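Below: one structure, written as structure tokens.
What follows is calculated from the coordinates using simple rules that are stated; it is not laboratory data. Please read these numbers as outputs of a predicted model, since none were measured by experiment. Because the Cβ atoms are built from the backbone with ideal geometry, glycine has one as well, and the counts that use them run over all protein chains shown.
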């Protein structure tokens, strides 16, 4: 934001003042402006200048991007996604109207999302009652738990400072930058908790990768686990043993709707802790910047997997030491999205998988190759993406390993900081137009369209056949 740029953020300004317990007179005195001018700004009859905004940030110590609404991009995208549901097709709402709604009443916007999600779960259960009521209700509860944990992590921007601090302290105490991590973590378990680690053959533990036998005080790790996986599982277990109270405090503050959701969140946060131990914040961020975010090099340096490094890169959101705000997605060969995080503006729809025009799908044809691409979404935002196929632990002659594509991306403005962008002319980029996915994409005549958009009325002309079988009005 330039110093000459001005903003109409009256409702936010009033909410900030009320949250601080200040009168208009007191805030005006703090900012060195008149009470009448502040009153006009709160009613959006005067714009908030960059000079006044910077002064406010200095006095009241808040994040400018969050106050100005740049941090609301995810919420806007989710609200806009909901309002494109077919049930609203006779009440079209523009992207700018969704932005106005979120800007003036973010809590109301979140309430709308919550109500919509509850309505979807109720519809799912009602539709299936006649077939198998008990099974559908269980499915609905599980889906709600997964979605509530996703919203919880998303709301925290996938950054949990208390866990990061404890993990960084443990990494330093164990000197993981010098010592072999598996040995150091094993010794920690033995010395601090009297727990021993054993690598067991497949025939003894055929369906598990890790099992903690509390009675015999032993952690069994499958021989199928790769070195990076073994380290991660040990760090995960240490997180639950030494910081379960902290993890539970974070979960309690999240006010999740069920024990199932709390259990999933506990596993997610223990995974977060494990990654933060193996890739401690300060050192990892420094190395990420110095290597220009070379994921394979970072993977070799820290003895972690490509997926673990890519996921960790989405968590570098400490206010005084931020990394690039990446988004992360993991898909299988069928296009199902099994994991997604975003600390940037990129939005993942609640409907369907990823756009077929995104070259993340080509990863399955070129194992081991890193694929890059500049993409442009329908709202004209542009992103630089990095994708690679990985295989999970567990491969034997009779059972091939699961193959997954890992996608990482960021706003195109950050691309100059990436080693992967060297071959691109970023001054004159040529992005590939993609959508979030077919269900919510409104691009006409797409050769890769698999489904009709949810919020459009299909049109049929027997005389003509377009690039796609689905034709619809604007």
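What is the order of 384, 101, 341, fewest Cβ neighbours within 10 Å to most?
Working: 384 27, 101 19, 341 23.
Final ranking by Cβ density, sparse to dense: 101, 341, 384.
Largest first and in whole Å, what are the equivalent-ellipsoid semi-axes of segment 302-441 based on the Cα gyration tensor, each being the root of 5 times an eigenvalue?
Working from the Cα gyration tensor, I get semi-axes of 24, 19, 15 Å.
Relative contact order of segment 6-68: what whole-number percent is it, with Cα pairs under 8 angstrom and at least 6 residues apart?
On the way: 55 pairs, mean separation 26.5, N = 63.
42 percent.
With the cut-off at 1.5 for a/c, could you classify segment 217-297 from its C-alpha gyration tensor as rounded, prolate or oblate?
oblate
Post the alpha-carbon centroid distance, segment 205-277 to segment 169-184, in whole angstrom.
With segment 205-277 and segment 169-184 each reduced to a Cα centre, they are spaced 19 Å.
Would you mind computing Rg(Cα) / (2.2 N^0.38 Å) for the chain, counting N as its residues?
1.08
Give me 451, 470 sorted ascending by neighbouring Cβ count inside 10 Å, so fewest comes first.
Values: 451 13, 470 19.
Fewest-to-most Cβ neighbours within 10 Å comes out as 451, 470.
Segment 361-384 to segment 11-34: how many Å between their Cα centroids?
Measuring centre to centre over Cα atoms gives 45 Å.
Of 446, 441, how do they rank once you tally other Cβ atoms within 10 Å and put the fewest first?
446, 441
Relative contact order for the chain: what percent, with Cα pairs under 8 Å and sequence separation of 6 or more?
11 percent
May I ask for log10 I(q)/I(0) of segment 156-278 at q = 0.20, 0.23 Å⁻¹, from a Debye sum over the Cα atoms as equal point scatterers with solvent left out?
Here the Debye-derived log intensity ratios amount to -1.16, -1.36.
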